[in-house]
1. Between THR37 and ALA185, what is the label-to-label distance in nm when each label sits 7 Å out along the Cα-to-Cβ direction?
2. Among the trypsin sites (Lys or Arg not before Pro) in region 64-154, which ones are in a DSSP loop with at most 16 other Cβ atoms within 10 Å of the Cβ? Mind listing them?
3. What three numbers, in Å, describe the spread of the alpha carbons of region 91-161 along their principal axes, ordered from the longest?
4. Hey, how many Å between the Cα centroid of region 63-87 and the Cα centroid of region 135-192?
5. Can you give the relative contact order of region 32-151 as a percent, counting alpha carbon pairs under 8 Å and 6+ residues apart?
6. Modelling each spin label as a point 7 Å along the Cα-to-Cβ direction, I'd like the SER100/ALA172 distance in nm, to one decimal.
Amino acid sequence: MFAIPRRQRSVIALVTVLGAASAAPVVASTAYAASATGVIYLVQGVADAPMTITVDGTTVASAAAAKTIVGPLTLPAGPHTISAQDSSGGASVTASVALSGGANIDTVLHRQVDPSKAPVITTFPNDLSPVAAGSGRLVVAHTAAVGPADVRVDQKVLFANIANGEALTVVAPAGSHTVDIVPTATTGPVVF
């Protein structure tokens, strides 16, 4: 049996469907891609632990609750120090994040599979390349304090056996889809 106590749950996935509403897809400009800046989104994914988050020593969020998204932050290309401290004085984590010119990334603060260990910071690049009209991009990042999982879209396993800290992307028809996450090679219980 696969059970997760509520207090150990974290944000298990960042699920984004970017639909192309018209024939004109979103395209990152060539000038932006060659720029000396990039974009970071910070995601606070540690449940039950409000976090104060800093970038290069500057506070960007105080006592941020789980599921808080800070950004977009436009920063110079190069290394940046991201730190998070549990507002009650508990867990803390610091990581250096490399940002390329023109890059767009999600930086997620989350628990490890063993929730008794300190949180970690994992970075996921955002694919902003165009998709065909009538399609969207589905992105799933596993950032929960659980082991490998299968991601089902409309009750079909779309991503199998993804581990904490991994992300997968697929282009799918635009529209509403049911997404759930179950322990690998099972039909449940649903984790998210």
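Nothing in this text is a laboratory measurement; each read-out follows from the coordinates by a stated rule. Just so it is clear, the model here is predicted, and its values are computed rather than measured. A quick note on method: Cβ atoms are made from the backbone with ideal geometry, for glycine too, and the neighbour counts reach across all protein chains shown.
1. Taking the simple label geometry, THR37 and ALA185 are separated by 4.9 nm.
2. Within region 64-154, the qualifying trypsin sites (Lys or Arg not before Pro) (loop, at most 16 other Cβ atoms within 10 Å) are LYS67, LYS117.
3. 44, 37, 14
4. Cα centroid to Cα centroid, the span is 25 Å.
5. With pairs under 8 Å counted, the relative contact order is 26 percent.
6. Between SER100 and ALA172, the simple spin-label model gives 2.7 nm.
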